[in-house]
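Notes follow the structure.
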Amino acid sequence: MNLLQKWGRYVSGRKSRFVTLVIWMLVIGLFTFIWPHVNQEETASNNLLPKDAMSVEAKEIIDEQFPNDKGVPLLLVWYRNGGLTEADYNMVQSLYQQLKQEPLTSQSMVPDFAKAPIQALKKQASSDNEVLVTPVFFEKDASTEALQEGTVALKKEMKKITDKNPFDGDISNDGLHLRMTGPAGIQTDATELFGQADVTLLIATVVLVLVLLVALYRSPILAVVPLISVGLAYALVNPLLGFMASQKWIELDAQAVSIMTVLLFGAGTDYCLFLIFRYRDELQVEANKYTALQKAIGHSGGAIMMSALTTVIGLLSLSLAQYASYDRFSVPFSLAIFIMGVAVLTLLPSILSILGRTAFFPFIPRTENMANELEAKKGKPVRHPKARSRFSNAIGRLVTKRPWYIIVICTIFLGGLALFAPKIPFTYGVLQSFPEDMPSREGFTIMADHYPPGEIAPVQVIVDTEGKDLSSLRDKIAAMDVTQSVSEPRTGEVNANYQELELILSIDPYSTKAVNLIPDLKADVAESLEEAGLEDASQHVWIGGETANLYDTEHVTSQDQRIIVPVVLSIIAVLLLVYLRSIVAMVYLLLTVVLSYLSALGLGWLVLHYGFDATAMQGLIPLYAFVFLVALGEDYNIFMVSTIWKNRQFMSMKKAVSEGVSQTSGVISSAGLILAGTFSVLAVMPIQILVQFGVVTAIGVLMDTFIVRPLLVPSITTLLGRFAFWPGKMWKEK
């Protein structure tokens with residue numbers, strides 16, 4: 001009896017099975033009682049860039065040298081097709097009069113628009129008089145809850161002033177429309193969006209997994225068992241993450257928690273199926289259900305542990321990222337998979353041991369003798385042990401008879417799709433991830449359509465002159481082709497050597513052209529400093545604002561990709577080498593899963609562009625998809641290849657490959673469908689980054705499940721023959 005079989009006896013024996021279940025329930029109950037729920041500890045912070053990013057340093061200098069005590073702005077965008085009326089301007093005055101008399105929660109100040117003449121308000125409107133933007137400022141340390149309370153109260157006040165509700169309704173309709181945007185509006189919208197997505201996502205994922213399990217296995221009990229295991233694992237992960245976040249060990253946001261839910265139910269169900277399938281096979285040859293379960297754990301436990309470990313370490317590598325959105329994913333994802341791995345080897349065996357063969361009702365697996373005895377007792381035919389499907393056997397024969405054909409066809413198909421990956425345009429804007437009818441995005445779009453493009457997001461140029469004369473700097477910036485206007489320089493309040501100029505671009509400040517302008521702008525300013533006799537000029541220049549923030553985001557995330565991609569590949573390579581003892585197998589397993597990833601990225605873009613009308617892919621998607629698809633893709637390879645390795649001890653190489661493919665075909669295909677299905681749930685979410693991540697990942701999982709794993713990998717293994725084991729001991733066996 002090997003170590004894993006002994007472990008199976010400890011967690012799922014006749015008596016110990018109840019002890020295991022009770023321990024799990026006690027631990028979950030204790031942690032849930034003493035530690036906070038994960039959703040209570042989510043951060044609403046949008047500070048995703050590292051502190052040494054130029055735009056972040058620029059903001060710190062602005063806060064110190066050019067302080068603005070007004071606070072966080074909420075921008076009210078007043079819009080009427082055909083032009084704002086006198087009555088509309090009177091409403092603006094009435095609202096601001098009310099805000100002066102009864103301030104909102106955490107309101108710091110409002111401009112005195114109540115006393116401003118209507119002609120003065122009209123001068124601030126757009127040139128076509130259709131749009132007016134007015135701010136309401138909240139305290140800098142105001143919580144998201146306080147901002148939400150403030151916006152709700154503002155809507156109530158506005159509804160008292162006008163008979164109609166200007167916050168709802170199609171923006172193309174006649175009448176006055178009012179939208180809230182700016183930093184405060186975007187923050188409250190994002191919180192509401194992810195808050196709605198959490199519940200919807202959890203319900204949709206559970207329902208989908210349940211439906212798929214029932215459809216695939218036609219067993220209501222078997223469909224519920226994995227969900228119970230995953231649900232209890234989730235119940236343990238939840239307070240663990242809540243505690244870690246409350247202690248400030250990690251930082252969580254709603255996006256990470258949402259995707260973690262999908263990952264846990266998708267990958268967790270997969271791991272459960274790996275054990276359940278093996279248990280069913282053992283029940284067809286072993287009468288004692290306890291012995292069958294122990295053998296199932298002994299045969300599949302190693303592959304499950306290795307698969308979980310590969311995914312945990314792969315996801316944990318995201319902690320190397322400087323961009324906070326990546327880093328916030330690291331611990332929740334890896335902890336969820338780790339707890340799920342523990343659950344599959346402790347909690348699930350306990351549940352299966354209690355249910356026994358009943359778990360597979362109505363298609364109960366029996367040994368041949370048990371089936372014959374029951375047949376004799378009932379006097380009618382009963383279900384006998386089922387052989388593997390003809391399709392699985394056919395695939396197993398195909399990959400060993402025609403390996404070259406399959407390798408060539410698969411490589412051409414996957415490689416062709418991969419060629420689209422380098423051509424994908426990317427975007428890093430936050431608002432582009434919101435639905436088009438989201439109030440903050442609608443408000444921003446209205447502003448962009450009616451005001452000069454650069455006024456929406458001015459560029460801040462900050463220099464430390466160290467006393468040098470830079471009177472010509474403003475003229476140099478004003479002479480640039482993309483400049484609409486440049487403000488007079490402001491002098492720092494703490495240090496007079498600091499100067500700030502506000503640059504209004506003549507082009508869209510969120511465009512690729514504007515973003516690519518940032519390093520050139522910094523170089524030009526640094527050149528002026530050098531001409532003035534300042535050494536290390538580039539260290540005395542900072543560019544701030546939304547455009548610089550986008551440039552830093554693109555730069556930092558690209559740098560993260562260059563670090564994390566080789567780290568993930570190296571880690572998985574080492575784990576494969578230790579487990580399989582084969583350098584050759586490690587190399588082609590990694591190459592095939594990378595090819596699968598690139599083709600998924602290419603096909604995913606085609607689907608998003610032509611099916612979802614996406615003009616660009618969110619810039620964070622490639623690294624997210626890479627880590628998930630490489631880590632999860634290797635799970636299936638490990639499960640199949642480990643089966644081939646075991647078969648090779650008792651049969652010829654071709655027979656081992658053929659049997660390995662047919663033995664694992666059913667479980668891996670089912671697992672792949674379920675995992676792809678759970679990720680595809682993200683495609684119905686109203687948040688573009690979740691939609692795009694779900695589409696690309698689901699496509700990648702399906703490609704890996706139905707092309708790479710059953711066809712390409714075993715064909716390569718067949719072609720290599722015994723050299724697939726090099727330098728392991730089996731490569732010498734002819």
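The values are calculated or read from the model by the stated rules, or taken from the named source; none is laboratory data. Here the structure is a predicted model, which means the values were calculated and not measured. Note that each Cβ is placed from the backbone with ideal geometry, even for glycine, and that neighbours are counted across all protein chains shown. We work out accessible area using only protein heavy atoms, side chains counted, and drop any ligands, DNA or RNA first. Shrake-Rupley method; radii C 1.70, N 1.55, O 1.52, S 1.80 Å.
Overview of results
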quantity: Residues Leu26 and Gln97, FRET efficiency given R0 of 60 Å [Cβ-Cβ distance, rounded to 0.05]; calculated: 0.50
quantity: Lys, Arg +1 and Asp, Glu -1 on Cβ, resulting dipole of the chain about Cα centre, debye, nearest 20; calculated: 6840 debye
quantity: Probe 1.4 Å, protein heavy atoms only - accessible area per residue of the chain in square angstrom; calculated: 43 Å²
quantity: Environment charge of Ser126, counting only residues whose C-beta is closer than 12 Å and scoring Lys/Arg +1, Asp/Glu -1; calculated: -1
quantity: Per-peptide average of other Cβ atoms within 10 Å, ordering 176-183, 469-476 highest first; calculated: 176-183, 469-476
quantity: List Ile250, Ile304, ordered by accessible area with a 1.4 Å probe, largest first; calculated: Ile250, Ile304
quantity: Net charge dipole size for the range 561-658 [Lys, Arg +1 and Asp, Glu -1 on Cβ; Debye, nearest 20]; calculated: 540 debye
quantity: Cα-based helix-to-principal-axis angle, 390-401 vs the chain, degrees rounded to 10; calculated: 90 degrees
quantity: Spatially proximal lysines relative to Lys6 (Cα-Cα < 16 Å; intrachain offsets below 8 disregarded); calculated: Lys15, Lys289, Lys295
quantity: Estimated inter-spin distance, Arg722 and Trp404, nm [label 7 Å along Cα→Cβ]; calculated: 2.2 nm
quantity: Solvent-accessible ranking of Ser558, Ser665, largest area first, probe 1.4 Å; calculated: Ser558, Ser665
quantity: Degrees separating the helix 324-345 axis from the principal Cα axis of the chain, which is the longest one; calculated: 20 degrees
quantity: Dipole of the range 592-734 [Lys/Arg +1, Asp/Glu -1 at C-beta], most positive-end residue of Ala676, Gly660, Val695; calculated: Gly660
quantity: Rounded tilt (10° steps) of 3-12 against the dominant C-alpha axis of the chain; calculated: 80 degrees
quantity: Whichever aspartates and glutamates have a C-alpha closer than 20 Å to that of Lys100, once near sequence neighbours (fewer than 8 apart) are set aside; calculated: Asp69, Asp88, Asp112, Glu139, Glu149, Glu157
quantity: Pairwise FRET efficiency - Asp141 versus Asn2, Cβ, R0 = 56 Å, nearest 0.05; calculated: 0.45
quantity: Cα gyration tensor shape of the range 194-349, rounded if a/c is under 1.5, else prolate or oblate by comparing a/b with b/c; calculated: prolate
quantity: Cα centroid separation - the range 37-59 against the range 125-165, whole Å; calculated: 25 Å
quantity: Correct option for Cα Rg over 2.2 N^0.38 Å [calculated from the coordinates] among (i) 0.98; (ii) 1.64; (iii) 1.13; calculated: (iii)
quantity: Computed label-point distance, nm, for sites Thr291 and Lys159 using a 7 Å Cα→Cβ extension; calculated: 7.1 nm
quantity: Extension gain from Asn81 to Ser319, taking 0.36 nm per residue of separation minus the Cα-Cα distance; calculated: 80.8 nm
quantity: Positive-end extreme of charge dipole, the chain - chosen from Gly602, Gln432, Gly13 (charges on Cβ); calculated: Gly13
quantity: Dipole moment magnitude, nearest 20 debye, the range 29-117 about Cα centre, only Lys, Arg, Asp, Glu C-beta charged; calculated: 300 debye
quantity: 22 Å Cα-Cα threshold exceeded, pairs from Lys476/Lys522; Lys122/Lys156; Lys115/Lys164; Lys423/Lys513; Lys401/Lys655; Lys140/Lys513; calculated: Lys122/Lys156; Lys115/Lys164; Lys140/Lys513
quantity: Solvent-accessible area, 1.4 Å probe, carbon plus sulfur percent, for the chain; calculated: 57 percent
quantity: Val207 versus Tyr610: modelled label distance in nm, points set 7 Å from Cα along the beta carbon direction; calculated: 3.1 nm
quantity: Alpha carbon centroid spacing (whole Å) that separates the range 209-243 from the range 267-330; calculated: 14 Å
quantity: Net length gained if the chain between Ile563 and Ile412 were fully extended (0.36 nm per residue, minus Cα distance); calculated: 51.5 nm
quantity: Which of Ser143, Gly298, Gln484, positive extreme of dipole for the chain (C-beta unit charges); calculated: Gly298
quantity: Paramagnetic reach from Glu149 (point 7 Å along Cα→Cβ, amide N under 14 Å) across the range 104-118; calculated: 104-108
